[in-house]
Amino acid sequence: GWAGGYPEIVKENELFERYYRELGIVPAGEWGDFMAALREPLPATLRITGYRSHAKEILHCLKEKYFKELQDLEVDGQKVEMPQSLSWYPEELAWHTNLSRKILRKSPQLEKFHQFLVSETECGNISRQEAVSMIPPLLLNVNPHHKILDMCAAPGSKTAQLIEMLHADMNVPFPKGFVIANDVDNKRCYLLVHQAKRLNSPCIMVVNHDASSIPNLQIDVDGRKEVLFYDRILCDVPCSGDGTMRKNIDVWKKWTTQNSLQLHGLQLRIATRGVEQLAEGGRMVYSTCSLNPIENEAVIASLLDKSQGALELADVSSELPGLKRMPGITKWKVMLKDGQWFEEWKDVPSNRQTQIRPTMFPIKDEEKLKAMNLERCLRILPHHQNTGGFFVAVLIKKSPMPWNKRQPKVHQKLPQRTEEIEVTAANSDNGSECITEEPTLAENEESKKAQELQNSDTEQSKKEGVCGPPPSKKMKLFGFKEDPFVFLPEDDPLFLPIQKFYALDPSFPKMNLLTRTQEGKKRQLYMVSKELRNVLLNNSEKMKVINTGIKVWSRNSDGEQFGCAFRLAQEGIYTLYPFIHARIINVCIEDVKILLTQENPFLSKFSSETQKKVKDMAMGSIVLKYDPDPEKPDDLQCPIVLCGWQGKTSLRAFVPKNERLHYLRMMGVEVFKAKRKEEESESKTEEEVQHRLAQTEEGMDVEDKEHDLVMKMEAEIGEESSHSPVESSAMEVENKTEDLDQSSKNANSHVSQESKDTDTSNVKG
């Protein structure tokens with residue numbers, strides 16, 4: 001308990017009640033229920049990631065094992081209700097329970113269930129995400145070919161949903177679409193990387209920009225430069241977060257209308273920048289975890305007003321059946337933190353006109369207001385379905401924005417001047433109007449010279465396949481200096497032995513391979529989709545990329561004697577597997593269990609079929625493939641692909657610990673005690689691990705610097721972490737002791753993944 005600790009926060013705020021009662025956002029007769037719901041802790045919710053073939057197996061495991069064990073359980077005198085699926089989330093892939101996060105973490109009876117959640121979250125198979133936070137990606141209607149921008153993406157739960165939607169068909173290793181996930185906060189970008197990495201996708205790029213001035217990107221289309229417009233944009237803006245009171249109880253004492261008044265301008269600028277970058281016919285979802293119309297309807301109304309018919313609100317009333325929602329409102333007032341109300345802009349005294357802006361008020365023209373269809377917005381109230389509070393609006397772009405009429409395509413080869421494509425917003429009495437600034441003749445001449453110089457540098461770096469970091473001093477001042485992304489040259493001698501050793505298909509897109517080092521030995525090889533390669537090569541001078549690509553091979557000095565210096569990496573195996581035609585061993589389910597429960601098992605322990613296949617194969621990195629047998633319905637019914645190593649007398653799997661536990665659970669193996677034993681053995685070898693870490697520090701991968709930052713970030717947002725050893729990236733000679741082998745796993749990891757118990761919130765900033 002917390003006896004003698006912090007005093008409990010009183011869940012009362014007179015100004016909050018007065019403000020929302022007056023605005024009438026809660027239906028008559030429901031105010032008591034609304035306030036009572038806000039004072040209750042938020043139920044824990046989880047989402048099963050839907051893009052893997054394993055999703056159905058996880059759902060089966062949850063329903064048949066873990067949920068059944070919760071039946072008739074009492075915790076602190078409170079009966080544990082059976083988890084329920086969210087009626088509006090497709091295919092029963094989202095669930096909620098009356099267990100709060102605190103009870104889940106602290107209760108001994110729930111330790112097994114909690115451990116399952118933490119471990120599966122770390123593998124990327126489950127996302128601990130607030131129910132209302134799942135709504136915006138669903139309303140985007142994403143298809144695998146869509147180019148998507150997530151403008152304010154950290155901490156990344158919605159980004160993860162978008163990535164899953166791109167990979168709806170697991171037989172397509174490289175969907176044509178991609179997600180560019182942006183956040184203004186450099187530190188939070190690393191948390192975003194950490195979340196996205198769990199999904200092992202070659203179609204995600206994390207960038208670090210101010211969303212309100214995120215640069216226009218260009219892509220090469222048949223040898224021409226064209227401005228990149230996005231098919232889908234998620235605009236989940238920073239907000240006051242008063243819809244999160246059930247989870248962030250600090251909001252009770254800190255809430256004031258001032259928060260909304262200060263954020264309104266930023267929210268409008270971000271949303272404006274979003275619709276500028278949206279393709280015609282594209283869809284943008286604007287969302288906040290606030291109930292306040294100043295942050296919601298006022299922003300949407302202002303955006304619709306200045307779009308002059310280029311935008312319209314989509315009617316999504318038939319989407320997500322089962323979701324209880326309130327329509328958007330058309331009338332509201334503005335209140336200062338001292339309780340003073342204003343109904344119209346003309347009533348605002350001049351000394352208050354910096355705090356209150358004209359765009360915060362409802363549109364006066366009744367006809368115009370009616371044509372906006374503000375009732376098509378969605379407001380989610382906490383007491384309707386035991387959730388947080390939330391607001392969503394879905395916008396469709398019918399034509400270019402009025403200030404961008406000449407915008408559509410850029411046909412010149414030279415990089416576009418930022419002055420030509422950036423729009424500056426200027427506030428006026430009628431709202432926020434946007435003006436396109438035309439460069440003067442003299443400026444044009446100057447810019448041509450500057451462009452020629454810049455272009456020669458850019459073209460040179462492009463020839464070498466080197467991307468970034470951007471030359472701008474301003475960008476280098478904040479956060480880490482990012483290492484460049486270097487694409488493998490067409491004739492790189494590194495690739496030939498890899499291609500030969502794994503008998504890679506001629507269709508393998510080797511041009512999409514990259515490293516993070518320009519000089520010295522290449523230690524890791526990553527892979528991106530060809531669409532992201534296009535974005536990287538054409539925008540390195542204007543874009544600060546934090547991370548992209550999925551690791552597919554790791555350098556392994558022991559492998560050179562067997563014909564290939566690079567071993568397969570588990571995180572990229574599902575992307576690589578379709579292209580590999582050699583060194584594949586099909587294994588039965590009993591073999592998989594041995595591989596996942598024993599550290600370095602002798603070949604004699606495996607089935608005779610496996611032993612025969614291994615006999616004629618050279619030592620080195622291998623693929624271990626399990627295919628389900630439809631005639632044995634009780635066995636695991638989803639395929640598994642594992643990276644392994646074949647030694648002289650043994651066969652082993654190189655799989656991160658949480659992923660091992662995941663597969664074992666799916667096969668019905670009890671792992672709860674096994675995990676305890678592993679933790680004990682880990683503590684025994686801690687000194688050896690530290691010694692090993694010191695020895696291998698110089699050979700650490702370029703992204704290891706992210707590890708400490710992710711650790712700090714998770715501590716800051718109050719999440720519980722448990723260390724999990726991750727996949728080794730250097731093969732140990734067979735005769736080394738098991739303890740040293742275990743320590744090598746900890747030593748050379750790409751990003752040391754920390755297990756999280758998180759209910760990710762979308763309160764930004």
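The values are calculated or read from the model by the stated rules, or taken from the named source; none is laboratory data. This is a predicted model, so every value here is computed, not measured. Glycine also receives a Cβ, built like all others from the backbone with ideal geometry; neighbour counts cover every protein chain displayed. Calculation scope for accessible area: heavy atoms of the full protein, side chains included, ligands and nucleic acids excluded. Shrake-Rupley method; radii C 1.70, N 1.55, O 1.52, S 1.80 Å.
Brief remarks follow.
- Pairs beyond 20 Å (Cα-Cα), from Lys331/Lys370; Lys521/Lys542; Lys197/Lys500; Lys605/Lys632; Lys79/Lys112; Lys56/Lys530: Lys521/Lys542; Lys197/Lys500; Lys605/Lys632; Lys56/Lys530
- Other residues within the sphere of radius under 10 Å centred on the Cβ of Phe113, judged by their own Cβ, net out at 0 (K and R +1, D and E -1).
- The residue list Met619, Ser604, Cys643 was ranked by how far each Cα lies along the charge dipole of the stretch 583-671 toward its positive end, using unit charges on Cβ atoms, and Met619 comes out on top.
- Stretching the chain fully between Glu22 and Lys176 yields a gain of 50.5 nm (0.36 nm per residue, less the alpha carbon separation).
- Solvent accessible area, Å² - Arg665, 1.4 Å probe, full protein context: 20
- Ratio of Rg to Rh over the stretch 583-671 (Cα coordinates, Kirkwood Rh, two decimals): 0.94
- Farthest toward the positive end of the dipole of the stretch 43-128, out of Ser107, Phe67, Gly124, is the Cα of Gly124, where the dipole comes from beta carbon charges about the Cα centre.
- Value of relative contact order over the stretch 583-671, rounded to a whole percent, pairs C-alpha under 8 Å and six or more apart: 31
- Per-residue extension of 0.36 nm, minus the Cα-Cα distance of Asn143 and Lys79, leaves a gain of 18.9 nm for this segment.
- Nearest-10 value in Å² for the accessible area of Lys632, using the 1.4 Å probe: 110
- Cα gyration tensor category, rounded, prolate or oblate, for the stretch 43-128 with a/c compared to 1.5: prolate
- Cα pair distances in the stretch 123-226, grouped into 5 Å bins until the bin that holds the longest one, percent each: 2, 12, 22, 22, 22, 12, 5, 2, 1
- Inter-probe distance in nm under a simple model that places probes 7 Å from Cα toward Cβ, at Trp341 and Phe67: 4.7
- Whether the stretch 1-144 is rounded, prolate or oblate, judged on the alpha carbon gyration tensor where a/c under 1.5 counts as rounded: oblate
- Sorted peptide list for 623-631, 156-164, 339-347, criterion being average Cβ within 10 angstrom, highest first: 156-164, 623-631, 339-347
- Accessible-area ranking of Glu276, Glu367, Glu12, largest first, probe 1.4 Å: Glu367, Glu12, Glu276
- Of the trypsin sites (Lys or Arg not before Pro) found in the stretch 176-271, the ones in coil according to DSSP and having at most 15 other Cβ atoms within 10 Å of their Cβ are Lys176.
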